[in-house]
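Data first, discussion second: the structure below is written as structure tokens.
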Amino acid sequence: MPTETDIKALVDSYAAVWNEGDPAARRKAIAHLWADDGVEVLPSGEIHGHQALETRIREAYEQFVAGGGFVFRVAADVMAHHDAVTFTTQMVPAGGGDIAWSGSIFLLLDENGRIRRDYQFAPIVHPAVRTVEEFLRRLAEGDLDGLAELFAPTVDWQLDWPAQGHPAVPWIRSRSTRADVIDHFRTLDAFHLPPKEKPAAPSILVDGNNVVVLGEIRQTVRATGRAYAARCAVHLTVEDGLITRYHVYEDSLTVAEALAAPR
């Protein structure tokens, strides 16, 4: 039975191999970790043997580590007994930040302590949540053309405000089409400076095709340099991968006061 020290070395090496950029070192680590006939079992299929594992890990490295700026690490939930080991692996920005992905790992070891079967369980993400997360990502990156692709041609839009609107915040008005929605975000962008810091991750609640995003708006007015913060909730409905409802509940008074000309 592997000792606690053996298990720690195993899981540390497991995380490290996904971050390894040197092909020779990666190949050596795979041979050390997995049995010759070791298998990685994914929801999408099975990967058999060192050569296939090397291809799989190299592609993950190129996409997420070298190409995406992430690193893989192991959470502090390692458990083991007999020939079984389980833990959570996480993908996080190399420079620090929120967890971008996590998965559960279940390993079965052979008599030499090498991996004979590696089961990876990825979290099941509701399709509506996936669309909303993509919307938030494109919005944060300023990809306004990309945002358009996520909205239905006709949108149930609501942002409570007097019918006559407010001269300081021209983007707060009735909308009903995909083009209207993108105009909203373009106008909003024109009135504010790009954020200097990444905003805090919002909370996401889901009920079927309905998703509620809870967060805080933090903006700096381009014309005056005034910064403001306002709590915000957005109710979205996603149908067939497209956003059909966009209802915003925000502290619009704070927004209007920040945009209004100083007295």
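Does region 86-104 contain any residue that is more than 30 Å from residue 198 (Cα to Cα) and surrounded by 14 or more Cβ atoms within 10 Å (Cβ to Cβ)?
Among the residues of region 86-104, at least one is more than 30 Å from residue 198 (Cα to Cα) and surrounded by 14 or more Cβ atoms within 10 Å (Cβ to Cβ), which makes the answer yes.
With among the small types (Gly, Ala, Ser), in the same structural domain as residue 63 (by TED's automatic domain parsing), touching a strand residue (DSSP E or B) at 6+ places or on another chain (Cβ under 7 Å) and farther than 21 Å from residue 247 by Cβ as the only criterion, which of 103, 96 stands out?
Exactly one of 103, 96 is among the small types (Gly, Ala, Ser), in the same structural domain as residue 63 (by TED's automatic domain parsing), touching a strand residue (DSSP E or B) at 6+ places or on another chain (Cβ under 7 Å) and farther than 21 Å from residue 247 by Cβ, namely 103.
What residue, of 128, 148, is closer than 19 Å to residue 237 by Cα, in contact with a strand residue (DSSP E or B) (Cβ under 6 Å, 6 or more places away or on another chain) and surrounded by 14 or more Cβ atoms within 10 Å (Cβ to Cβ)?
Residue meeting the stated conditions: 128.
Residues being surrounded by fewer than 18 Cβ atoms within 10 Å (Cβ to Cβ) and modelled with pLDDT under 90: count how many of those fall in region 232-255.
Residues meeting the conditions: 3.
Could you give every pair whose Cβ atoms fall below 8 Å, whose first residue belongs to region 23-35 and is within 15 Å of residue 115 (Cβ to Cβ), and whose second residue is loosely packed, with under 12 Cβ neighbours inside 10 Å, counting only separations of at least 6 or pairs across chains?
35/112
What number of residues within region 41-58 are out of contact with any strand residue (DSSP E or B) (no Cβ under 9 Å at 6 or more places or on another chain) and at pLDDT below 95?
Residues meeting the conditions: 2.
Just give me the residues in region 67-89 being under 22 Å from the mean Cα position of the chain (by Cα) and either of a type outside the set (S, T, N, Q) or assigned to a helix (DSSP H, G or I) (or both), in sequence order.
67, 68, 69, 70, 71, 72, 73, 74, 75, 76, 77, 87
Residues that are at pLDDT 85 or above and part of a strand (DSSP E or B): does region 128-135 have at least one?
no
With the checklist (1) in contact (Cβ under 8 Å) with a residue 12 or more places away in the chain; (2) surrounded by fewer than 13 Cβ atoms within 10 Å (Cβ to Cβ) in hand, flag the one item residue 6 doesn't pass.
If we test residue 6 against (1) in contact (Cβ under 8 Å) with a residue 12 or more places away in the chain; (2) surrounded by fewer than 13 Cβ atoms within 10 Å (Cβ to Cβ), just (2) comes out false.
So, residue 64, is that one crowded, with 17+ Cβ neighbours inside 10 Å, outside any helix (DSSP H, G or I) and assigned by TED's automatic domain parsing to the domain that holds residue 111 or not?
no
Can you report the number of residues in region 1-54 which are assigned to a helix (DSSP H, G or I) and either more than 30 Å from the chain's Cα centre (by Cα) or of a type outside the set (D, E, K, R) (or both)?
Number satisfying all stated conditions: 28.
Condition first: touching a residue at least 40 places away in the same chain (Cβ under 8 Å), surrounded by 13 or more Cβ atoms within 10 Å (Cβ to Cβ) and closer than 19 Å to residue 141 by Cβ. Now tell me which residues in region 187-222 satisfy that.
Hits for region 187-222 are 189, 191, 199, 202, 204, 213.
The values are calculated or read from the model by the stated rules, or taken from the named source; none is laboratory data. These numbers were taken from a predicted model, which means no experiment stands behind them. Quick reminder, even Gly has a Cβ in these numbers, built from the backbone with ideal geometry, and neighbours come from all protein chains shown.
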